[in-house]
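Taking it in order: structure first as structure tokens, then the write-up.
The values are calculated or read from the model by the stated rules, or taken from the named source; none is laboratory data. These numbers come from a predicted model, not from an experiment. For neighbour counting, all protein chains shown are included, and Cβ atoms are generated from backbone atoms with ideal geometry for every residue, glycine included. When the accessible area is computed, the model is the full protein with side chains, heavy atoms only, and any ligands, DNA or RNA have been set aside. Shrake-Rupley method; radii C 1.70, N 1.55, O 1.52, S 1.80 Å.
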Amino acid sequence: MTTLQKLAIDGGTPVRTKPFPEWPIHNEVEEQLILEVVRSGKWGGTGRIMLPRIEEQFAAAHDAKYAVSIVNGTVAITIALQAAGVQPGDEVIMPPYTFIATASSALLFGAIPVFVDVEADTLLLDPDKVEAAITPKTKAIIAVHIGGAPANLTRLKAIAAKHNLRLIEDSAQAVGAQWNGTGVGAQGDFGTFSFQSSKNINSGEGGMILTNDERLADMAWSLTNVGRIRNGGWYQHEHIGWNLRMTEFQAAILIGQMTRLVEQMAARERNGKRLTELLSQIEGIQVLRRDPGITRHAYHLYMFKLDPVWADRIDKNEVIQRLVAEGIPAAPGYVSLNTNKAVLSETKKWTGEDRFYSCPISERACEKEVLWLHQNMLLGDATDIDDIAEAVSKVMRSYR
Ligand SMILES: *Cc1c(COP(=O)(O)O)cnc(C)c1O
């Protein structure tokens, strides 16, 4: 039996003082590409050099036919919804365990988020609960691949097809992930991505929309290019759209970042697997279930849970403070969106009514159970992973 070690928070020796790998990672590849853009004098507008390169490459990396680049991952969802035909007042089913952008992207133009709870053991949208939430106003489902784990696209696609709904994949956290051997993003009608600074592929800010449908791609392109049409005239605006284009600087950085994607994904998978093996042996900890359909996990976040019995007895935030003191920067994660006052009051503004969504699994996950580790922590070596597991074990032993 291991002896009880004094916690770092109480003045004991921390498990670790070494920092985890820094983020972002860059070198002369990005420097050279940026220099090329500066010297070209072609920084934005039309006739791009870097932009078509990254669009083509990003689509291919996700087995998609069409890519439309955009300023960020939030409006990427808005444009995907609009291009898919979602109108103000239409309902969009989505999980509450996600970043606020999933909901605010719909509310931006009066589409109404309808929250359907997640599965307790995956934290992903529960297909069993989706059908019960469909009404005559439902137009779309947003599957969020949270933490980099693809939601069950097989079942969600079947439900969307059965009810004639559009399926959008919010893949902001899932660059490079695969469901049943195919890239996420174009398995639904649209997939959207974010290149905000914390994301696995990062250009400071930025986003991408993928689809396999040429008509949908053209519409998304038009809406992000002031309503112009591809190969149309400069002042030929056939839709109301906006200038949502990214710059050549962003496209150049993305091309550089993509050169490390395969290698970084392999490291996260390897380290994620090791961490899962180690954490699953610790009393009081539950690891998430990985569906066999997830043939590649993007691990934007490594998420794990306190066992339900323990979660009722001990304080998640205190566990996090203890881990941080041990040198492990764990984080508590989201507040469940179905309880967010801004989301509810904006919903009321558009619908004129108070809406209530019962999502006990997501709420409990947020308040009591789920802990996060960020993606960069999985980019080091096996000793980093062993330190994380040792610190979790030490902290959990302190509650015995
Ligand atoms: C980051 C993120 C977004 C929004 O992306 P931005 O580029 O920050 O606008 C949307 N959905 C999820 C799940 C995200 O994590």
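Values for this structure:
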item	result
Accessible area per residue in Å² at 1.4 Å probe, computed on the chain	42
Portion, in percent, of the accessible area of the chain that falls on carbon or sulfur, probe 1.4 Å	54
Partner aspartates and glutamates for Lys162 [C-alpha distance under 20 Å; skip if fewer than 8 residues away on the same chain]	Asp90, Glu91, Asp126, Asp128, Glu131, Asp189, Asp213
Burial order of peptide ranges 209-215, 240-246, 345-351 (average beta-carbon count within 10 Å, highest first)	209-215, 240-246, 345-351
Magnitude of the charge dipole, the chain, Cβ model with Lys/Arg +1 and Asp/Glu -1, debye to 20	240
Shape category assigned to the chain from the gyration tensor of Cα positions, a/c cut at 1.5	oblate
Debye, to nearest 20: dipole size of region 156-206, +1 on Lys, Arg Cβ, -1 on Asp, Glu Cβ	180
Selection from Leu275, Leu379, Cys359 lying farthest towards where the dipole of region 244-400 points positive, charges on Cβ	Cys359
Proximal lysines relative to Lys157, as straight alpha-carbon distance under 25 Å, when same-chain residues fewer than 8 apart are discounted	Lys65, Lys129, Lys137, Lys139
Ordering of 274-280, 120-126 by burial proxy (mean other Cβ atoms within 10 Å per residue, highest first)	120-126, 274-280
